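Values in this text are rule-based calculations from the coordinates and carry no lab data. This one's a predicted model, so the numbers in the text were calculated from it and none came from an experiment. Virtual Cβ from ideal backbone geometry, glycine too; neighbours counted across all protein chains shown.
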Ligand SMILES: [Mg+2]
């Protein structure tokens, strides 16, 4: 069937309840039990929940106290990120047997462009099946996959037959798939945006498609254009291999300008917590801490300090940020504070050359 959409063969691979599944694999007594991986136990936040725990409504990012209320038998397990990282690398090696165009989103998710692949296999669906079988066989864990013409649809599709399943959205099915899709399932539409769309009568892709570019621009800012295109099957973002971060940051704008450092400490603590959470998620640490201060007159100031060692935990980040805050008198009231970490301990790999364009035949096997 003919389609004039830009077509690549993209697979989104997503490990099933990754951290929790690793723990259950490594500790057989946890198999079949509701477990929550999270550093703070009941007092912390759930990073990952096993499928047995999810049945009770336990989810990642949920407070431990609430999780226990939902599931009294819940077992808390301390995360072992080194182990997750080690397994993640093994899985990535499997991907590289098929293509070098692998873009990890996190330890347990990646996009693969298999338009041209090392196996010469024209079917992205069969490649996905193969990869999932190899992950199960070599690593011992299950994965799900979404297969389609671009990253956006592949990502949405990988959720469809989870766990241990896959879904292909063929080129000729793309438009219909997107039209019937609940906008809450659109990648890039968060809770707040979904709410806003619902209020405007946008419930499905079809509703979204009926809004003009001007309308979406006016109502959803920069993202409006993105929504306008993805719902039409247009998403040209390439699979970018070896994305290495230069820095990691978080910031807060205050509803009222603050003029005393004392009032800023609490805000700083939240920001430090957010930075630490992101560092943990990306498994990196940094040496340089930068405090960003935006004054009520919109002038911007940054203060930095480089430590002799890498840090990643909240208390160290907070302490350093505090030092920076007190280092010098504030010149005005403050409307925004931010903390960033740079000088990260990420490997410095060279980017391989990206093939600029890929010619696609009309006869297209998926
Ligand atoms: Mg996952």
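Among the numbered criteria (1) under 17 Å from residue 17 (Cα atoms); (2) crowded, with 22+ Cβ neighbours inside 10 Å, which one does residue 79 miss?
Evaluating residue 79 over (1) under 17 Å from residue 17 (Cα atoms); (2) crowded, with 22+ Cβ neighbours inside 10 Å leaves (2) as the failure.
Rundown of residues vs (1) surrounded by 17 or more Cβ atoms within 10 Å (Cβ to Cβ); (2) within 16 Å of the ligand (Cβ to nearest atom); (3) within 20 Å of the chain's Cα centre (by Cα); (4) assigned to a helix (DSSP H, G or I), yes/no style:
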residue: 19; (1), (2), (3), (4): yes, yes, yes, yes
residue: 25; (1), (2), (3), (4): no, yes, no, yes
residue: 29; (1), (2), (3), (4): no, no, no, yes
residue: 39; (1), (2), (3), (4): no, no, yes, no
residue: 42; (1), (2), (3), (4): no, no, no, yes
residue: 53; (1), (2), (3), (4): yes, yes, no, yes
residue: 57; (1), (2), (3), (4): no, no, no, no
residue: 61; (1), (2), (3), (4): no, yes, yes, no
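Restricting attention to the range 140-151, and to residues there that are away from the ligand (no atom under 14 Å from the Cβ) and crowded, with 24+ Cβ neighbours inside 10 Å, which single residue is farthest from residue 223 (Cα to Cα)? It would help to see each step written out before you state the result.
Going through the range 140-151, the residues away from the ligand (no atom under 14 Å from the Cβ) turn out to be 140, 147-151.
Add one more test, that the residue is crowded, with 24+ Cβ neighbours inside 10 Å, and what stays is 147-151.
Numbers: 147: 24, 148: 22, 149: 21, 150: 18, 151: 16 Å.
Top of the filtered list is 147.
Report whether or not residue 119 is outside any loop (DSSP other than H, G, I, E, B) and surrounded by fewer than 20 Cβ atoms within 10 Å (Cβ to Cβ).
Working: outside any loop (DSSP other than H, G, I, E, B): no; surrounded by fewer than 20 Cβ atoms within 10 Å (Cβ to Cβ): yes.
No; evaluated as a whole, the condition is false for this residue.
Can residue 66 be described as within 16 Å of the ligand (Cβ to nearest atom) and within 20 Å of residue 277 (Cα to Cα)? Before you say what the answer is, go through the steps one by one.
Numbers: within 16 Å of the ligand (Cβ to nearest atom): no; within 20 Å of residue 277 (Cα to Cα): yes.
The answer is no for residue 66.
Scan 147, 153 and give me the residue that is part of a helix (DSSP H, G or I), under 21 Å from residue 238 (Cβ atoms) and touching a strand residue (DSSP E or B) at 6+ places or on another chain (Cβ under 9 Å). Break it down stepwise before answering.
Details: 147 fails: part of a helix (DSSP H, G or I).
Just one listed residue meets the conditions, 153.
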